[in-house]
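Input: a single structure, listed below in structure tokens.
The values are calculated or read from the model by the stated rules, or taken from the named source; none is laboratory data. Quick caveat, the model's predicted, so the values are computed rather than measured. All Cβ positions, even for glycine, are placed from backbone atoms using ideal geometry, and neighbour counts span all protein chains on display. Note: accessible area is taken over every heavy atom of the protein model, side chains too, but ligands, DNA and RNA are not part of it. Shrake-Rupley method; radii C 1.70, N 1.55, O 1.52, S 1.80 Å.
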Amino acid sequence: MADTFWVRPIAPTALLLANLGAVQLNYGYTIDHCRRAVDMLEADGLILHFNALQEAVQPEGDTNFSSLLVKIEQVCRALCPCR
């Protein structure tokens, strides 16, 4: 389904942001996954969102939010072109 997210050809000047759940960094997602999400969309940036309440009420929710700040910092350092 990855090709359904590629909208850059029809929105060449639009601000496009890739979006991943930050908690996924505790479930096997890596900096490379984040980079691929941005590259796949030809996105201008990456949003790491927190849906703690949604995850908590879902039976299959991913609720391990521990140590995320360190992992988010690592993603930012790796992907930020301004450092």
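Being surrounded by fewer than 13 Cβ atoms within 10 Å (Cβ to Cβ), at pLDDT 95 or above and out of contact with any Ser or Thr (no Cβ under 7 Å at 6 or more places or on another chain) is the requirement here; does Ile47 meet it?
Values: surrounded by fewer than 13 Cβ atoms within 10 Å (Cβ to Cβ): yes; at pLDDT 95 or above: yes; out of contact with any Ser or Thr (no Cβ under 7 Å at 6 or more places or on another chain): yes.
Yes.
Out of the stretch 6-41, which residues are more than 26 Å from Glu73 (Cα to Cα) and assigned to a helix (DSSP H, G or I)?
So in the stretch 6-41, the residues more than 26 Å from Glu73 (Cα to Cα) come out as 6-14.
Once the filter is applied, which keeps residues that are more than 26 Å from Glu73 (Cα to Cα) and assigned to a helix (DSSP H, G or I), the stretch 6-41 yields Arg8, Pro9, Ile10.
Considering only the stretch 68-79, I want to know if a residue exists there that is part of a loop (DSSP other than H, G, I, E, B) and open to solvent by less than 80 Å² (accessible area, probe 1.4 Å). Break it down into steps so the answer makes sense when it comes.
Of the stretch 68-79, the ones part of a loop (DSSP other than H, G, I, E, B) are none.
No, there is no match, as no residue in the stretch 68-79 is part of a loop (DSSP other than H, G, I, E, B) and open to solvent by less than 80 Å² (accessible area, probe 1.4 Å).
Of all residues in the stretch 35-71, which are among the hydrophobic types (A, V, I, L, M, F, W, C), touching a strand residue (DSSP E or B) at 6+ places or on another chain (Cβ under 9 Å) and farther than 14 Å from Asn19 by Cβ?
Going residue by residue through the stretch 35-71, those that are among the hydrophobic types (A, V, I, L, M, F, W, C) are 37-38, 40-41, 43, 46-48, 50, 52-53, 56-57, 65, 68-70.
Adding the requirement that they be touching a strand residue (DSSP E or B) at 6+ places or on another chain (Cβ under 9 Å) leaves 37-38, 40-41, 43, 46-48, 50, 68.
The answer is Leu68, and nothing else.
From the list Ile10, Ile31, pick out the single residue that is exposed (fewer than 13 other Cβ atoms within 10 Å of the Cβ) and not small (Gly, Ala, Ser). Break it down into steps so the answer makes sense when it comes.
Values: Ile31 fails: exposed (fewer than 13 other Cβ atoms within 10 Å of the Cβ).
Unique residue meeting the criteria: Ile10.
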